[in-house]
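**Q** Just passing along the structure, written as structure tokens.
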Amino acid sequence: MKTAIITGGSRGIGEAMTLKLGEMGYNVVVNYRSDSSKGLTEAVIAKLKTEYGVEGLAVQADVSKYEDCEKLVKTAVEAFGEKIDVLVNNAGITNNAAFCELPRESYMAVLETNLISAFHMCHFVVPYMVKANGGCVVNTSSIGGLMGVANQADYCASKAGLIGMTRALAMEFGKQNIRFNCICPGMIWTDMLRGVNQDEVAALAQSIPMGKIGDVEDIANAMEFLIKDKYMTGQYVSPNGGIYMP
Ligand code: NAD
């Protein structure tokens, strides 16, 4: 049986990725952070079992913290064994605030949640992949990691940092058959957008060459591609409706 770990896997893009991993036949360790996400996580895990016949395990951890990541990986290994086939670093937050008014704690939280968490998770998971002589890591970056966005210096830095980390680890572990890639989503329909003024969302959609906002399944499909392809490493794929073209 194959095992995957996903951080921030209970809602939004993470939920779609968790279900896609189930569809692909993986047992999935689904990380969530807050008590309020426990019910959501359990519901996703129930779906893994009923729809795809695979096992799920909910593990609460704040992945910005080294000790929590250690506990998360230890719990995964105890449940499903040392062979971790896939790691998806998906947890992320954003501030959207004027740089000069951004308190230190706020930008540190973004950097630690979006970037340092992936360092911690790779730090604990990659040794198992080395032992198994193979594995695949997918990091959820963003178009914010490819282009500048006003009021998002911390977010853009964290997502660009993920791309740098991905490339360096791909260089270091290529011969051990461990692949590292990023997904850089454009604007995607999640609760965040459902909650804001829909006229503004419609205007935003019109600024995208394809004239529409992407779905969480578009990102889960990109993840599936990166897992299934066996020669792709150190790359990013960017499902973004054409809003960013390098
Ligand atoms: P979301 O807020 O619905 O999901 C983020 C997930 O990360 C949540 O489950 C949250 O609980 C979890 N999380 C946050 N901090 C955590 C922590 N410290 N420890 C563990 N889990 C934590 O948003 P989403 O849109 O689904 O975002 C998923 C990823 O996609 C993020 O990395 C985000 O930056 C990225 N992304 C989203 C979009 C978009 O338009 N929605 C675009 C580009 C990139």
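The values are calculated or read from the model by the stated rules, or taken from the named source; none is laboratory data. These numbers come from a predicted model, not from an experiment. Note: ideal-geometry Cβ built from the backbone for every residue, glycine included; neighbour counts use all protein chains shown. Ligands, DNA and RNA are stripped out before the accessible areas are found, and what is left, the full protein with its side chains, is counted by its heavy atoms. Shrake-Rupley method; radii C 1.70, N 1.55, O 1.52, S 1.80 Å.
Rundown of residues vs (1) over 16 Å from the mean Cα position of the chain (by Cα); (2) crowded, with 17+ Cβ neighbours inside 10 Å; (3) at pLDDT below 95, yes/no style:
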| position | (1), (2), (3) |
| --- | --- |
| Cys100 | yes, no, no |
| Arg104 | yes, no, no |
| Tyr107 | yes, yes, no |
| Leu115 | no, yes, no |
| Ala118 | no, yes, no |
| Cys122 | no, yes, no |
| Met129 | yes, yes, no |
| Asn133 | yes, no, no |
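**Q** I'm told Leu115 meets every condition in (1) part of a helix (DSSP H, G or I); (2) out of contact with any Gly (no Cβ under 6 Å at 6 or more places or on another chain); (3) among the aliphatic types (A, V, I, L, M) except one. Can you identify the failing condition by its number?
**A** Of everything listed in (1) part of a helix (DSSP H, G or I); (2) out of contact with any Gly (no Cβ under 6 Å at 6 or more places or on another chain); (3) among the aliphatic types (A, V, I, L, M), Leu115 misses just condition (2).
**Q** Shifting gears a bit: For segment 171-190, which positions are open to solvent by 40 Å² or more (accessible area, probe 1.4 Å), not aliphatic (A, V, I, L, M) and not in a helix (DSSP H, G or I)?
**A** Residues satisfying the conditions are Asn177, Trp189.
**Q** Does Met147 qualify as being under 25 Å from Asn221 (Cα atoms), surrounded by fewer than 19 Cβ atoms within 10 Å (Cβ to Cβ), within 14 Å of the ligand (Cβ to nearest atom) and in contact (Cβ under 8 Å) with a residue 60 or more places away in the chain? Walk me through it before giving the result.
**A** Details: under 25 Å from Asn221 (Cα atoms): yes; surrounded by fewer than 19 Cβ atoms within 10 Å (Cβ to Cβ): yes; within 14 Å of the ligand (Cβ to nearest atom): yes; in contact (Cβ under 8 Å) with a residue 60 or more places away in the chain: yes.
Judged against the criteria, Met147 is a match.
**Q** Let me ask you something else. What tally of residues in segment 7-42 results from selecting those that are closer than 13 Å to Ala61 by Cβ and not polar (S, T, N, Q)? So that I can check it myself, show each step before the final result.
**A** Going through segment 7-42, the residues closer than 13 Å to Ala61 by Cβ turn out to be 7-10, 29-35, 37-38, 41.
Filter again for not polar (S, T, N, Q), leaving 8-9, 29-30, 32-33, 35, 38.
Qualifying residue count, segment 7-42: 8.
**Q** Then there is this: Picking from Ala168, Ala157, which residue would you name as being open to solvent by 40 Å² or more (accessible area, probe 1.4 Å), without any contact (Cβ under 8 Å) to a residue 24 or more places away in the chain and either closer than 30 Å to Arg104 by Cβ or in contact with an Asp or Glu (Cβ under 6 Å, 6 or more places away or on another chain) (or both)?
**A** Values: Ala157 fails: without any contact (Cβ under 8 Å) to a residue 24 or more places away in the chain.
Just a single option satisfies the conditions, and that option is Ala168.
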